[in-house]
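Below you'll find the structure, written out as structure tokens, and then a few comments.
The values are calculated or read from the model by the stated rules, or taken from the named source; none is laboratory data. Everything numeric in this text was worked out from a predicted model, so none of it was measured. In this analysis, Cβ positions are derived from the backbone assuming ideal geometry, glycine residues included, and neighbour counts consider all displayed protein chains.
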Amino acid sequence: MSMDIKALVREQAEAWSGVIPPNAVSEELAAGFSSLMAGLSALRGQLAFEDEPSSFEAALQATKEPNP
């Protein structure tokens, strides 16, 4: 990413809602997105929908309404 995350969040907030992050706390929250995005990018391509735990299907079946 070529733009600083704080600047990117500020720019997008202004573009989408017409506001600029008002204080230092919001700037720090925006800075936290950088590590979140890096973590998610590291997982890209490693998981697929089919990789859900096998118990997921069992949980869906258990919550199904019975047919009369």
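Residues are listed down the side, and each one gets a yes or a no for (1) part of a helix (DSSP H, G or I); (2) under 19 Å from the mean Cα position of the chain (by Cα); (3) modelled with pLDDT of 80 or more:
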{"site": "Glu14", "(1), (2), (3)": "yes, no, yes"}
{"site": "Leu36", "(1), (2), (3)": "yes, yes, yes"}
{"site": "Ala42", "(1), (2), (3)": "yes, yes, yes"}
{"site": "Gln46", "(1), (2), (3)": "no, yes, no"}
In this structure, does Ser26 turn out to be part of a helix (DSSP H, G or I), at pLDDT 80 or above and either surrounded by 10 or more Cβ atoms within 10 Å (Cβ to Cβ) or not small (Gly, Ala, Ser) (or both)? no
